[in-house]
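A short write-up of the structure that comes next.
The values are calculated or read from the model by the stated rules, or taken from the named source; none is laboratory data. Given the structure is predicted, the values throughout are model-derived calculations rather than measurements. Neighbour counts are summed over all protein chains in view; Cβ atoms, including those assigned to glycine, are modelled from backbone coordinates with ideal geometry. Remember, those area values only see protein heavy atoms, side chains included, never the ligands or the DNA or RNA. Shrake-Rupley method; radii C 1.70, N 1.55, O 1.52, S 1.80 Å.
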Amino acid sequence: MRAHRLLGACLLASLAVGLFALTSMDLCERRSVSAPAVESSAAREGPLYAGAARVELVPTYPAIVAGYPLPRASAERATRPLFARALVLEVGGLRVGIVSVDLLTLPRTIADEVRRGAKQLGLAEVWVAATHAHSSMGGYDPSLVAQLSGIGRFSEAARKAVVTAVIGALEDAVQSLAPRTLETGTESFPELTVDRSGQDGVDSRLTRISFRTAQLVVFAAHPTLVPRAPASLD
């Protein structure tokens, strides 16, 4: 009996260590990635139309705070609103959408669902990306690894809230389509960026693409300035 209890204790200890190691992995560390590949392409000529919109991402509270290992905090409110922001471009009848949503990650399942929902909007392609916001809401990814490593227990309500906000932003952006003039600019801010692995080659560019009343700003960063275990989403 003692041997069985000892064996059981050892198994539980091994499982606990394994889970701790899994949930403590730095999923944001530098990893080798394959070269990007073109999946589709198209070309059109004509006037440029652009439309932009943002829709608040409203989680069901209490909401899991994503972005850190176990144990995870839950929040009853948001210090700052979470948003899904969409930009839709159209030239010569070819319409594409770009969406940025305030989440830690963007599961392929959600991206695929958004693309299916966007077909009725006449969008040939949709690019959906997460801002990688630590201390945003979790619970939207059914993947077991994602739940353990940073997203928290899956909730259908959380998944639905994300999809609703993203598709809503695309719908509003399509409604605001109008002729635009394109302006672009890029500047480097090396004083604002650092590679935590100590390597060179940090992307310190800030790129601004303006359509007068709509604009897209791109700056590569890892937003982890909010302390751990916050009392609210951010």
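Among residues other than Arg44 with Cβ under 14 Å from its Cβ, the summed charge is -2 (Lys and Arg +1, Asp and Glu -1). Each Lys and Arg adds +1 at its Cβ and each Asp and Glu adds -1 at its Cβ; summed about the Cα centre, the range 120-179 shows a dipole of about 220 debye. The local environment of Val88, defined by Cβ-Cβ distances under 13 Å, has a net charge of 0 under the rule Lys, Arg +1 and Asp, Glu -1.
Rolled with a 1.4 Å probe across the full set of protein chains, the surface gives Asp172 an accessible area near 70 Å². Accessible surface ranking for Tyr68, Tyr49, 1.4 angstrom probe, highest first: Tyr49, Tyr68. Taking Cα centre as origin and charging only the Cβ of basic (Lys, Arg, +1) and acidic (Asp, Glu, -1) residues, the dipole magnitude of the range 54-124 rounds to 80 debye. Indicate the gyration tensor shape class of the range 83-141 (rounded, prolate or oblate), computed on the Cα atoms with a ≥ b ≥ c the square roots of the eigenvalues: a/c under 1.5 is rounded; otherwise a/b larger than b/c is prolate and the rest oblate. In terms of gyration-tensor shape, prolate.
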